[in-house]
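Novice: This is the structure, below, for whatever I ask next.
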């Protein structure tokens, strides 16, 4: 069974189509980067996958079932979501926030997993700190650790899970961006299905073997990085004229915009 | 943790004051809060218009042999029919006010939210005031006092039902609309009460003042028994809503991602808030600031986790309102000060100080 099936998905708000007739399938264990310009419908797609919004037309299925058909608790054991901006209004500690990922579970096993999750994002020893005294990037890593703990708890009982990331690297420095990529790859190695919205095309190529390009709510391209991150995509979708370079072994495209000239479509 | 501090060099270990704080915030919290409440209850029995000194308490409670039988009999009467029911009502209402404030703050993700703020309390007071004035006109006689709590409770309920309607679009309730519509309704209820005050006669004015300013006068065992179930409902609900409210602090989407049935949680929380606030307003009128100050203070000591914050707020709110009521009936004895005035008089400046001190940290 596929991890995710999206068939002719449309999401409309009023008359405006945020997503228009999008179809793709994701097999278990795949890692996919979603790229596209602002307003292309990337976040809407992720919210539809997470079960937060229902399709206006078409279907979304996680492990063969519509997200809305699961009880939120059951769904949370099978998929975890990292949102872009999470603000914590009350003075919870880092440890408390991370443990929220474990649901009602308590005990030594959770302690160990929470500690490992914090270590994985390079925040070991931050447990007693109040979360809103940390920098934006550090807070983002705390939330990533929380999501990793939720994923780990679900995978213990329900097998490999689905990880949805909305711009996980947005406020991270270079080193922690690369750390995150390697954590995501470790997840993929043990069978986790990962879908990540990524703005940095180079990071997208580094993270995923498959890239989905969205443009104005439609699926513009779907395939290997070398096939999707191309001169043509840059021009057509991003309105940037730039030559895509290529690193050998394994073949990886890279983009180094050298002038800010707008592509004339 | 203890194994860790053994391994740490001395200069890295938590200083004694911090360890004491960890103890107070940790295993000692509930024993300490209970002890505080007990001490306050003993003080409250001892002081007042007909005081019962502490050395006469055991005899009056039947725990020791009476020395002066007549005196003990008088003490017993005061204690059982006046003092203890009043203490019981103060304790329950204090607990209801503080914990409903804590729930509402969690629901609104805002430490400044309070049932009095969104018109739930003033809706109840308006209904009571309307019953006093209009009811009198219609029936041309003074209504039985028992009908007023009922009207106040119904008023709180209807205000919340209206707010819920206004803030619900489709199947989701917008907390922001709930809060803003609540502010408007509170202002509207205030205007309504003002109008009633304008047409009320002297006796009606006194009764309206009771609801506006709050009072625990006329407490009986029956009243205590009527509001106790609401407190029981709170404690029964804590295991079901505690974690949900914690997670909700990260946002509704995040709560859903982490497995919380968000709409159901919001419904339960709103029902609890209105039932608890309605019960408090029904028997004590509008008593402000307990719902803001108590959870705020406790968060500073024990952190914001609701599974501990809610029962701790109930205990500490009970202690604080009992202290306020004891002061209210002794400061100007034999007259009684309205308790709502007293809580506002101390609560508001205290709250301002907290706000200013926290301004930088909380990012308000």
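Yes/no per residue for (1) closer than 28 Å to residue A:71 by Cα; (2) touching a residue at least 24 places away in the same chain (Cβ under 8 Å):
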| residue | (1), (2) |
| --- | --- |
| B:202 | no, no |
| B:206 | no, no |
| B:222 | no, no |
| B:225 | no, no |
| B:238 | yes, yes |
| B:241 | yes, yes |
| B:254 | yes, no |
| B:271 | yes, no |
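Novice: I've got another one for you. Collect the residues in the range B:289-317 that are part of a loop (DSSP other than H, G, I, E, B) and buried (at least 23 other Cβ atoms within 10 Å of the Cβ), keeping them in residue-number order.
Specialist: B:289, B:304
Novice: Follow-up question, since we're still on this one. Of all residues being in contact (Cβ under 8 Å) with a residue 24 or more places away in the chain and part of a loop (DSSP other than H, G, I, E, B) in the range A:119-141, which is surrounded by the fewest Cβ atoms within 10 Å (Cβ to Cβ)? Just the residue, please.
Specialist: Of everything passing the filter in the range A:119-141, A:128 is surrounded by the fewest Cβ atoms within 10 Å (Cβ to Cβ).
Novice: Every residue in the range A:169-198 that is under 11 Å from the mean Cα position of the chain (by Cα) and touching a residue at least 60 places away in the same chain (Cβ under 8 Å), please.
Specialist: A:184, A:193, A:194, A:195, A:196, A:197, A:198
Novice: In addition: Being crowded, with 24+ Cβ neighbours inside 10 Å and either touching a helix residue (DSSP H, G or I) at 6+ places or on another chain (Cβ under 7 Å) or modelled with pLDDT under 95 (or both) is the requirement here; does residue B:239 meet it?
Specialist: In short, no.
Novice: Do you know which residues across the range A:208-219 are over 11 Å from residue A:34 (Cβ atoms) and surrounded by 19 or more Cβ atoms within 10 Å (Cβ to Cβ)?
Specialist: A:217
Novice: How many residues does the range A:152-162 contain that are more than 11 Å from chain B (Cβ to nearest Cβ) and buried (at least 18 other Cβ atoms within 10 Å of the Cβ)?
Specialist: Going through the range A:152-162 one residue at a time, the tally reaches 5.
Let's see how each residue does on (1) more than 30 Å from residue A:161 (Cβ to Cβ); (2) touching a helix residue (DSSP H, G or I) at 6+ places or on another chain (Cβ under 6 Å):
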{"residue": "B:217", "(1), (2)": "yes, no"}
{"residue": "B:225", "(1), (2)": "yes, no"}
{"residue": "B:230", "(1), (2)": "yes, yes"}
{"residue": "B:233", "(1), (2)": "yes, no"}
{"residue": "B:253", "(1), (2)": "no, no"}
{"residue": "B:256", "(1), (2)": "no, yes"}
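Novice: How many residues does the range A:203-237 contain that are assigned to a strand (DSSP E or B) and farther than 18 Å from residue A:167 by Cα?
Specialist: Number of matching residues: 6.
Novice: Tell me, yes or no, whether the range B:119-131 has at least one residue that is touching a helix residue (DSSP H, G or I) at 6+ places or on another chain (Cβ under 9 Å) and not in a helix (DSSP H, G or I).
Specialist: yes
To keep it simple, each residue is scored yes or no on (1) at pLDDT below 65; (2) more than 22 Å from residue A:108 (Cβ to Cβ); (3) out of contact with any helix residue (DSSP H, G or I) (no Cβ under 8 Å at 6 or more places or on another chain).
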| position | (1), (2), (3) |
| --- | --- |
| B:2 | yes, no, yes |
| B:10 | yes, yes, yes |
| B:16 | yes, yes, yes |
| B:27 | no, no, yes |
| B:33 | no, yes, no |
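Novice: Take residue B:119 and decide whether it is more than 14 Å from chain A (Cβ to nearest Cβ) and either at pLDDT 80 or above or closer than 18 Å to residue B:216 by Cα (or both).
Specialist: Yes; evaluated as a whole, the condition is true for this residue.
Novice: So, one more: Just need a number here: residues in the range A:238-253 that are part of a strand (DSSP E or B) and farther than 21 Å from residue A:209 by Cα.
Specialist: Number of matching residues: 1.
Novice: For the range B:219-230, name all the residues that are crowded, with 19+ Cβ neighbours inside 10 Å and in a helix (DSSP H, G or I).
Specialist: B:223, B:224, B:227, B:230
Listed here are the residues, each with its yes/no results for (1) buried (at least 16 other Cβ atoms within 10 Å of the Cβ); (2) over 20 Å from the mean Cα position of the chain (by Cα).
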| position | (1), (2) |
| --- | --- |
| B:160 | yes, no |
| B:164 | yes, yes |
| B:169 | no, yes |
| B:176 | no, yes |
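Novice: Now for a different question. Select from the range B:249-285 the residues that are closer than 22 Å to residue A:90 by Cβ and in a loop (DSSP other than H, G, I, E, B) and write down the one among them that is nearest to the other protein chains (Cβ to nearest Cβ).
Specialist: Here the answer is B:259.
Novice: Within the range A:119-138, count every residue that is in contact with a helix residue (DSSP H, G or I) (Cβ under 6 Å, 6 or more places away or on another chain) and either within 11 Å of chain B (Cβ to nearest Cβ) or closer than 25 Å to residue A:52 by Cα (or both).
Specialist: Residues that pass the stated criteria total 2.
This table checks each residue for (1) more than 14 Å from chain A (Cβ to nearest Cβ); (2) within 30 Å of residue B:327 (Cα to Cα); (3) part of a helix (DSSP H, G or I).
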position: B:182; (1), (2), (3): yes, no, yes
position: B:207; (1), (2), (3): yes, yes, yes
position: B:217; (1), (2), (3): yes, yes, no
position: B:236; (1), (2), (3): yes, no, yes
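Novice: Could you grab me the full set of residues in the range B:337-351 that are over 10 Å from residue B:290 (Cβ atoms) and either surrounded by fewer than 19 Cβ atoms within 10 Å (Cβ to Cβ) or touching a residue at least 60 places away in the same chain (Cβ under 8 Å) (or both)?
Specialist: B:338, B:341, B:345, B:346, B:348, B:349, B:350, B:351
Novice: Report, by residue number, each residue of the range A:71-118 that is more than 9 Å from every other protein chain (Cβ to nearest Cβ), in a loop (DSSP other than H, G, I, E, B) and in contact (Cβ under 8 Å) with a residue 40 or more places away in the chain.
Specialist: Residues satisfying the conditions are A:78, A:84, A:105.
The values are calculated or read from the model by the stated rules, or taken from the named source; none is laboratory data. Since the model is a prediction, treat every value here as computed from it, not as a measurement. Positions of Cβ are generated from backbone atoms using ideal geometry, with glycine treated the same way; all protein chains shown enter the neighbour counts.
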